[in-house]
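*Asks:* The structure under discussion is supplied below as structure tokens; questions concerning it will follow.
The values are calculated or read from the model by the stated rules, or taken from the named source; none is laboratory data. The model shown is predicted, which means the values in this text are computed figures rather than measured ones. As a convention, Cβ positions derive from the backbone with ideal geometry for all residues, glycine included, and neighbour counts pool all protein chains shown. All accessible areas refer to the heavy atoms of the entire protein, side chains included, with ligands and DNA or RNA removed. Shrake-Rupley method; radii C 1.70, N 1.55, O 1.52, S 1.80 Å.
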Amino acid sequence: MIKRVVIIGGGIAGLSAGIFAQKNGFESIILEKHQILGGECTGWDRKSYHIDGCIHWLVGTKEGTPLRHLWDLVGALDGVEIYQPESFLAFEYQGIIVNFYRDLEGLKNSWLEISPEDKQAIENFYNVIKKLQSFQIPVGKPIDMMNLKEKIKYLFSMKDIGPIMQKYSKLSLQELASKFKHPALRAAINSFMPEGDFSAISILFPLGTFTGNQSSIPYGGSRALALRMVDKYLSLGGKVESSCEVRSLTIEGKDVKNLKCSNGKSFSGDYFIAACDAKVLYKRLLNGKYDDPNFQKRFNNPQVYPLASNIYVGIGYKGTMSNIPRTLRFPVDSLNIKQNDKAVTHLQMTHYAYEKEFAPEGHSIITLAINQFEPELLAWEELVKDEDQYKQEKKRIGREIIRALEIRFPYMKDKLTLLDVASPQTYHRYCNAYRGAFMGFWPTLSGKGLTHTGRIKGLNNIVLSGQWLQPPGGLPVALITGKDTIMRLCKTEKIKFSC
Ligand SMILES: Cc1cc2nc3c(=O)[nH]c(=O)nc-3n(C[C@H](O)[C@H](O)[C@H](O)COP(=O)(O)OP(=O)(O)OC[C@H]3O[C@@H](n4cnc5c(N)ncnc54)[C@H](O)[C@@H]3O)c2cc1C
């Protein structure tokens, strides 16, 4: 008899699980809280502009790599060209531009021009990134399903990366930056994360995949990518129920029997996959009765296991952005916006000149992302309780950003229109993201990365899937864990997994 799988959440993990469930002979349905699927991998239209809300870089765009193959299997990149930006970002420091070029030789040479006396530190930085260029996120079997031979092979494949991981996961970003003498290089590296316990890994792995051409940007953006996965899922016979928030589960013994949704419908199944926020599953749906100590420990200790979110501002500009790097981080004076309890000192601006459909002709869409950490996440949680004040604060932030842009780019004066300000609470409202966090727990010096199978002790037929199961979170982890969940289900059902 065909087994029925009910998937809670239609983000990238839920879609991945749904696609592989259909491919393996299960009958599945995805229940999604929002009107459209994609979860945090999305974008939204404001006035005549499209604000891309997610992909700044997607790991797995390089043809011929295992991760690219997996993205292809779920239809995410079907018929899509990949845009390869020249630079990961450009950082401004007192008239100097520090470029994080895709071309690693170019990066090295441009940094040497800025600071010849940092030759040794630049060489070391270059060498580490060079080694990381060949790192492939494992996408085959999850470790818990590997036999001894496969585990040995897997460990062997990590032999070059292991020592780098060990060394740099114990080095803070500030320590890495302090190896450089030139203040511009130091500031550029430091700007990746606020002062604190954040490990140097936060900069090295992204630059490794970027300069190794493994990560880039699919044309069409985030929403289009998610919708291609929806098409793939539907074409395989999958079913979708949107505007359908799962509110409660009926559990008998060790099995979930059915679940009830905000639209009054209930759904029964043989298996349930919670491809949603971990906190939603453990606290709201399981009422704290099946808490997992691995997650508890992390949620209870945000200093060691920080969560991060964003203020994400969309601005329309009546003009074009030629000569401005795609992503530019520039200094700002006295901006009254907090980040990790300190005033924001830099703004990160991205434009989408390469996407002709994102703005009317002769205009540009600009987004600005300001990371938010624990102190701000709590403050936003409080503020949202007063709707008027919350809206006013978002408007105020929008005005502050426009003011800062006009100071940095005087020719933009009176040509900027505030389109949208998303706060951490926006991600909470639309995606049920706990405190707005969208990347799992951030790597720190004292925190240990969590790798989890998603199994829930005490329950047989419901599992967690998605970005919370593996560091560092993000779209590849959502994709991989969705697939892994179905691999484990196939094992339980004694079905040979087929992709
Ligand atoms: C501004 C921003 C920029 C980002 N940039 C990048 C990037 O450049 N590269 C990258 O790799 N990653 C990036 N990410 C992270 C990436 O978007 C996420 O890691 C990924 O989308 C998570 O996918 P997921 O399926 O695990 O979770 P989600 O996307 O959170 O999906 C969960 C889904 O479950 C639904 N849901 C929740 N509760 C319920 C319920 N009770 N009933 C029904 N449905 C429910 C939600 O609405 C949501 O659709 C970014 C995220 C943001 C916000």
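*Asks:* What percentages make up the Cα-Cα pair-distance distribution of the range 430-499 when the bins are 5 Å wide from 0?
*Replies:* Pairs per bin, as whole percents: 3, 15, 21, 22, 19, 11, 6, 2, 0.
*Asks:* Any lysines with Cα under 19 Å of the Lys297 Cα? List them, leaving off those in the same chain fewer than 8 positions away.
*Replies:* The qualifying lysines are Lys279, Lys283, Lys289, Lys448, Lys457.
*Asks:* Which ³J(HN,Hα) values in Hz, rounded to whole numbers, follow from the phi angles of the range 80-89 under the Karplus curve 6.51 cos²θ - 1.76 cosθ + 1.60, where θ = phi - 60° and Gly and Pro get x?
*Replies:* Values, residue by residue: 10, 7, 10, 8, 10, x, 5, 9, 5, 6 Hz.
*Asks:* In Å², what does the accessible area per residue of the chain work out to with a 1.4 Å probe? List each step's numbers first, then the result.
*Replies:* Working: 22020 Å² over 499 residues.
So the chain comes to 44 Å² accessible per residue, rounded to a whole number.
*Asks:* Would you kindly state how much longer the chain becomes between Thr250 and Ile82 on full extension, computed as 0.36 nm times their sequence separation minus their alpha carbon distance, in nm to one decimal?
*Replies:* Values: separation 168, 0.36 × 168 = 60.48 nm, distance 4.47 nm.
Here the segment from Thr250 to Ile82 would lengthen by 56.0 nm.
*Asks:* Just to verify a number: FRET efficiency for Lys491 and Ile407, C-beta to C-beta distance, R0 = 51 Å, to 0.05? Working shown, then result.
*Replies:* Values: r = 59 Å, r/R0 = 1.15.
Result of the calculation: an efficiency of 0.30.
*Asks:* Of the heavy-atom accessible surface of the range 102-212 (probe 1.4 angstrom), what whole percent is carbon and sulfur?
*Replies:* 58
*Asks:* Check each of the trypsin sites (Lys or Arg not before Pro) in the range 415-455 and keep only those in coil by DSSP with at most 12 other C-beta atoms within 10 angstrom; list them in order. Provide the component values of the computation, followed by the final result.
*Replies:* Values: sites: Lys415, Arg429, Arg435, Lys448, Arg455; in loops: Lys415, Lys448.
Those that pass, being in a loop and sparsely packed, number zero.
*Asks:* Show log10 I(q)/I(0) for the chain at q = 0.06, 0.10 Å⁻¹, two decimals, from a solvent-free Debye sum over equal Cα scatterers.
*Replies:* Rounded to two decimals, the profile gives -0.27, -0.79.
*Asks:* Please list Cys490, Cys54 from largest to smallest accessible area, probe radius 1.4 Å, with all protein chains kept in place. Could you put the intermediate results ahead of the total?
*Replies:* On the way: Cys490 0, Cys54 35 Å².
From most accessible down to least: Cys54, Cys490.
*Asks:* Evaluate E = 1/(1 + (r/R0)^6) for Val304 and Ser178, where r is the Cβ-Cβ distance and R0 equals 25 Å; express this FRET efficiency to the nearest 0.05. Don't skip to the answer; put the middle values down first.
*Replies:* On the way: r = 22 Å, r/R0 = 0.90.
That gives a FRET efficiency of 0.65.
*Asks:* Going from the alpha-carbon gyration tensor of the range 10-102, what semi-axes, largest first and in whole Å, does one get by taking the root of 5 times each eigenvalue?
*Replies:* Numbers: eigenvalues 209, 76, 23 Å².
For the range 10-102, the semi-axes come out at 32, 20, 11 Å.
*Asks:* How many nm is it between the label spots at Glu117 and His452, if each spot is 7 Å from the Cα in line with the beta carbon?
*Replies:* Result: 4.9 nm between the two label points.
*Asks:* Could I ask something else about it? Give me the Å³ per residue figure for the convex hull around the C-alpha atoms of the range 309-436. Display every interim value, and only then the final one.
*Replies:* Numbers: hull volume 13.9 nm³, N = 128.
Expressed per residue, the convex hull around the Cα atoms of the range 309-436 is 109 Å³.
*Asks:* Here's something else I'd like to know. I need the GluC sites (Glu not before Pro) found in the range 1-100, filtered to DSSP loop residues with at most 13 other beta carbons within 10 Å of theirs.
*Replies:* Numbers: sites: Glu27, Glu32, Glu40, Glu63, Glu81, Glu86, Glu92; in loops: Glu32, Glu40, Glu63, Glu81, Glu86.
Taking the range 1-100 and a limit of 13 other Cβ atoms within 10 Å, the loop GluC sites (Glu not before Pro) found are Glu63, Glu81, Glu86.
*Asks:* A further question follows. Which distance in nm do the two modelled labels at Lys257 and Gln392 give, with both placed 7 Å along the Cα-to-Cβ direction?
*Replies:* 5.1
*Asks:* Using just the C-alpha positions of the range 1-55 as equal point scatterers, what log10 of I(q)/I(0) does the Debye formula give at each q in 0.22, 0.23 1/Å?
*Replies:* Evaluating at q = 0.22, 0.23 Å⁻¹ gives log10 I(q)/I(0) of -0.80, -0.84.
*Asks:* Describe numerically, in nm with one decimal, the distance between label points set 7 Å from Cα along Cα→Cβ at Ser334 and at Asn127.
*Replies:* 4.7
*Asks:* Also: Kindly state, to the nearest 0.05, the FRET efficiency for Leu155 paired with Lys297, given R0 = 25 Å and r defined as their beta-carbon distance.
*Replies:* Details: r = 26 Å, r/R0 = 1.04.
The calculated FRET efficiency here is 0.45.
*Asks:* Next up: When we measure straight from the Cα of Lys151, which lysines land under 16 angstrom away, once same-chain ones fewer than 8 places off are left out?
*Replies:* Filter leaves Lys141, Lys159.
*Asks:* Same structure again: What translational diffusion coefficient, in µm²/s and rounded to a whole number, does the Stokes-Einstein relation yield for the range 102-212 at 25 °C and a viscosity of 0.890 mPa s, taking the hydrodynamic radius as the Kirkwood radius over Cα pairs?
*Replies:* Values: Rh = 15.3 Å.
Estimated via Stokes-Einstein, D reaches 161 µm²/s.
*Asks:* So how exposed is Asp160, as accessible area in Å² (1.4 Å probe, rounded to 10)?
*Replies:* 90
*Asks:* Could you please put His50, His182 in sequence from largest to smallest accessible area, using a 1.4 Å probe? Show your work: numbers first, answer last.
*Replies:* Working: His50 15, His182 35 Å².
Most to least solvent-accessible, the answer reads His182, His50.
*Asks:* Using the Cα atoms of the range 271-352, I'd like the radius of gyration and the largest Cα-Cα distance, Dmax, both in angstrom.
*Replies:* 19.7, 56
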